[in-house]
1. Only one residue in B:SER399, B:SER380, B:SER386, B:SER363 is among the hydroxyl-bearing types (Ser, Thr, Tyr) and within 17 Å of A:ILE128 (Cβ to Cβ). Which one?
2. Condition first: of a type in the set (A, V, I, L, M, F, W, C), at the interface with another protein chain (Cβ under 7 Å from one of its Cβ atoms) and open to solvent by 20 Å² or more (accessible area, probe 1.4 Å). Now tell me which residues in region A:384-436 satisfy that.
3. Which residues, counting only those in region B:197-227, are outside any helix (DSSP H, G or I) and within 21 Å of the chain's Cα centre (by Cα)?
4. Somewhere in region A:267-282, is a residue over 21 Å from A:SER365 (Cα atoms), open to solvent by 60 Å² or more (accessible area, probe 1.4 Å) and either modelled with pLDDT of 95 or more or within 10 Å of another protein chain (Cβ to nearest Cβ) (or both)?
5. Kindly check whether there is at least one residue in region A:229-245 that is open to solvent by less than 10 Å² (accessible area, probe 1.4 Å) and in a loop (DSSP other than H, G, I, E, B).
6. Report whether or not B:GLY367 is of a type outside the set (Lys, Arg), touching a strand residue (DSSP E or B) at 6+ places or on another chain (Cβ under 8 Å) and at positive phi.
7. Considering only region B:186-196, I want to know if a residue exists there that is assigned to a helix (DSSP H, G or I), touching a helix residue (DSSP H, G or I) at 6+ places or on another chain (Cβ under 8 Å) and either at pLDDT 95 or above or within 12 Å of another protein chain (Cβ to nearest Cβ) (or both).
8. Restricting to region A:269-296, name every residue that is in a helix (DSSP H, G or I), more than 22 Å from A:ASN8 (Cβ to Cβ) and in contact (Cβ under 8 Å) with a residue 40 or more places away in the chain.
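The values are calculated or read from the model by the stated rules, or taken from the named source; none is laboratory data. Computed from a predicted model, the values in this text were never measured in an experiment. Please note: Cβ atoms are built from the backbone with ideal geometry, for glycine as well, and neighbour counts cover all protein chains shown. Ligands, DNA and RNA are stripped out before the accessible areas are found, and what is left, the full protein with its side chains, is counted by its heavy atoms. Shrake-Rupley method; radii C 1.70, N 1.55, O 1.52, S 1.80 Å.
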2 protein chains.
Amino acid sequence: MIAIKRLNSADADFATRLDALLAFEATQDEGIERTVADILADVRARGDAAVIEYTQRFDGLQASSMTALEIPQKALQEALHGLPVAQRQALEAAASRVRSYHQRQTLQSWQYEDDGAGTRGTMLGQKITPLDRVGLYVPGGKASYPSSVLMNAIPARVAGVGELIMVVPTPAGEQNPLVLAAAALVGVDRVFTIGGAQAVAALAYGTQTVPPVDKIVGPGNAYVAAAKRRVFGVVGIDMVAGPSEILVICDGHTDPDWVAMDLFSQAEHDELAQSLLLCPDAAYIERVAAALERLLPTMPRRQVIRAALENRGALIEVRDLDEACRIANRIAPEHLELSLEDAEAWVAKIDHAGAIFIGRYSSESLGDYCAGPNHVLPTSGSARFSSPLGVYDFQKRTSLIRVSQAASKTLGRIAATLAYGEGLPAHARSAEYRIES
Amino acid sequence: MIAIKRLNSADADFATRLDALLAFEATQDEGIERTVADILADVRARGDAAVIEYTQRFDGLQASSMTALEIPQKALQEALHGLPVAQRQALEAAASRVRSYHQRQTLQSWQYEDDGAGTRGTMLGQKITPLDRVGLYVPGGKASYPSSVLMNAIPARVAGVGELIMVVPTPAGEQNPLVLAAAALVGVDRVFTIGGAQAVAALAYGTQTVPPVDKIVGPGNAYVAAAKRRVFGVVGIDMVAGPSEILVICDGHTDPDWVAMDLFSQAEHDELAQSLLLCPDAAYIERVAAALERLLPTMPRRQVIRAALENRGALIEVRDLDEACRIANRIAPEHLELSLEDAEAWVAKIDHAGAIFIGRYSSESLGDYCAGPNHVLPTSGSARFSSPLGVYDFQKRTSLIRVSQAASKTLGRIAATLAYGEGLPAHARSAEYRIES
């Protein structure tokens with residue numbers, strides 16, 4: 001028996017139990033923090049030499065120079081051409097669909113003339129520019145995912161980022177050909193086989209060999225996350241992601257095996273992943289529970305799945321679908337499946353979610369790979385205030401202000417009044433000079 | 001004599017000296033970090049009682065309940081109606097212009113049908129929603145600025161944020177009527193006279209009286225900045241701002257007094273503010289230097305201005321205006337004035353800046369108050385990767401994915417191939433169930 005939690009929204013302690021279920025806080029380990037601070041300082045001071053030493057120590061590589069830690073473009077192309085045809089075609093199809101979706105996210109510059117009374121000839125606007133250079137962190141080992149390369153690199157490329165630098169640790173020298181192929185496909189400019197806090201430091205500060213970037217994106221372990229937090233400000237970073245989550249709202253008319261497998265697909269990520277079902281039909285919930293039991297033994301990653309379901313999973317009976325939507329907004333899940341009849345009509349009731357999968361055929365796994373939208377999504381309820389990774393994360397805005405001579409008098413009077421009120425007389429005088437001109 | 005640095009881009013050590021000039025890193029004080037961690041934990045555990053105690057201790061208020069720490073709407077309205085007419089009109093004119101500019105930033109939802117071969121009937125899109133509730137931190141004491149209330153609250157209101165909660169410490173009970181008037185003008189929902197890490201904690205976690213928010217914006221001292229960094233993830237935060245900066249590029253044909261006063265207007269903020277001039281005309285630089293000397297004694301905040309100019313200011317001779325633009329991109333200044341003939345033609349050469357003030361009449365102080373664009377801008381070179389505060393900071397995106405039955409087969413094959421390649425068989429099976437249907 002899988003000891004997955006059962007909740008009922010009608011129970012008096014439901015809110016408390018739901019809060020407990022959702023509670024997740026990345027613990028900041030003091031040991032990790034100190035180690036990371038030391039590595040960052042050391043790489044900043046000594047550059048390549050420090051990066052090489054840490055890579056020898058942590059990844060067991062015998063490289064004696066940074067040249068040995070860079071994968072040449074030729075090797076990336078060989079990885080792409082060496083893929084089995086089906087994998088290559090799948091990768092290309094996914095990249096093409098992701099690119100097509102993200103092209104619609106591109107921000108455009110705009111400006112307008114302000115022709116109000118006393119401000120004629122004034123232009124205001126917003127200029128959009130891409131970041132110059134971006135660093136892409138790709139984990140090594142078991143969580144080294146080609147799809148993650150596509151999802152992080154393509155929005156940067158669409159944004160017009162000048163240069164893409166990828167880092168991927170290769171413990172004991174083991175390279176993942178699918179990851180290198182994905183890097184070739186999206187046109188990564190340089191790839192270094194380094195990882196951990198030392199790779200984050202190299203990207204943030206630059207070394208003799210690794211050029212400094214303006215932003216670092218991509219998932220990583222606790223050391224990488226701590227390093228990214230620490231270099232934030234020197235460079236931009238993406239969100240530090242928590243465990244993956246899925247919330248399925250089902251009306252009780254989807255094949256229970258489908259829902260069970262969708263819950264498994266999150267749970268197989270790791271033991272802290274969260275799989276939740278909201279359904280108004282108690283009998284259907286039992287059918288899903290039975291499907292979980294029946295299908296679990298067939299899953300290669302059944303130990304991870306069981307642990308995740310028992311740790312943080314739940315089957316939740318609700319009064320009706322309206323209540324399910326309210327609870328979904330409370331949870332603000334990373335992935336939300338609306339496995340419902342006329343599912344699209346329910347989208348309007350969802351205010352907070354990373355991505356909404358609409359209808360029974362829209363399994364979350366399609367979004368992970370090839371539907372088009374990004375699979376880097378806000379976790380741990382942060383969809384209340386943040387967005388999927390997108391082209392907009394690789395573009396920035398500059399305000400444009402061109403004040404005409406006439407307008408400088410009109411606006412100058414307003415500014416001077418407020419500046420004196422704030423006790424900032426140089427601000428006021430600066431405006432007044434233009435009034436007096 | 002003001003000991004402001006003189007640099008020349010032709011000097012061999014120019015790049016090194018420029019780097020040294022720009023170097024600024026917010027030191028993370030271990031004592032502050034520990035104090036803040038304790039306050040956050042205490043407010044989280046004890047709520048109102050802890051907030052009241054810290055407010056008594058740090059702000060010298062004798063409040064015995066949170067009710068005494070809330071300013072009723074009536075008092076905000078009275079502050080607005082009590083303002084001198086000129087101040088009220090200036091505040092209203094500024095708010096109106098800021099609102100008008102920001103309305104052009106509103107993001108819109110979009111969706112499209114994907115009618116490719118094998119994916120007919122699929123819909124992809126992006127849904128835009130506002131944040132539910134936002135906290136606005138307003139510093140107390142000398143840096144308590146009504147313009148800051150406008151610049152932080154108006155984009156939130158334009159975005160459609162449901163509820164705006166403002167906190168502003170009132171040490172020894174002293175309230176700033178201009179700040180309260182600004183809060184009334186922009187329609188802040190509730191105002192609490194609390195500050196410091198305890199106010200950040202109250203907003204992030206909620207207390208019996210203070211409702212928890214989804215994002216906290218607004219400037220604050222080192223304790224507030226540390227607290228915001230720590231609650232990031234529980235809630236969203238805006239950038240943690242460094243000292244203010246201005247970079248003026250001048251062709252040598254602007255009244256030197258204007259340029260001097262524009263440099264002063266940043267320098268008067270605080271001793272770490274940075275005022276820089278780039279100019280190809282050595283004789284003109286001397287005229288600006290003379291203007292600085294002559295005008296400094298007339299400035300009420302001359303001590304702060306002198307300290308800032310001597311600490312971090314510089315007058316920099318460059319070869320030509322093209323080089324000036326390249327150096328500006330290296331600096332990525334918060335404020336950039338193009339005090340040039342035909343200034344607009346030079347905007348295309350600027351890739352990295354928070355705001356560009358185009359032409360001699362566009363003094364930076366107009367942008368601080370009433371030009372329209374936001375005055376919360378990326379500092380310390382972070383314009384390389386981030387943007388002014390805007391409506392987009394109070395909206396978020398949700399990806400929409402509706403896959404048709406037909407498309408679930410086409411996309412399912414791609415997803416399954418990649419999922420097996422990544423060693424995630426539950427992902428693959430979830431896609432395959434739809435293929436088999």
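1. Residue meeting the stated conditions: B:SER386.
2. Once the filter is applied, which keeps residues that are of a type in the set (A, V, I, L, M, F, W, C), at the interface with another protein chain (Cβ under 7 Å from one of its Cβ atoms) and open to solvent by 20 Å² or more (accessible area, probe 1.4 Å), region A:384-436 yields only A:ILE414.
3. Answer for region B:197-227, where residues must be outside any helix (DSSP H, G or I) and within 21 Å of the chain's Cα centre (by Cα): B:VAL213, B:ASP214, B:LYS215, B:ILE216, B:VAL217, B:GLY218, B:PRO219, B:GLY220, B:ASN221.
4. No.
5. No, every residue in region A:229-245 fails to be open to solvent by less than 10 Å² (accessible area, probe 1.4 Å) and in a loop (DSSP other than H, G, I, E, B).
6. no
7. Within region B:186-196 (the criterion being assigned to a helix (DSSP H, G or I), touching a helix residue (DSSP H, G or I) at 6+ places or on another chain (Cβ under 8 Å) and either at pLDDT 95 or above or within 12 Å of another protein chain (Cβ to nearest Cβ) (or both)), the answer is yes, since at least one residue qualifies.
8. Scanning region A:269-296 gives a single hit, A:LEU296.
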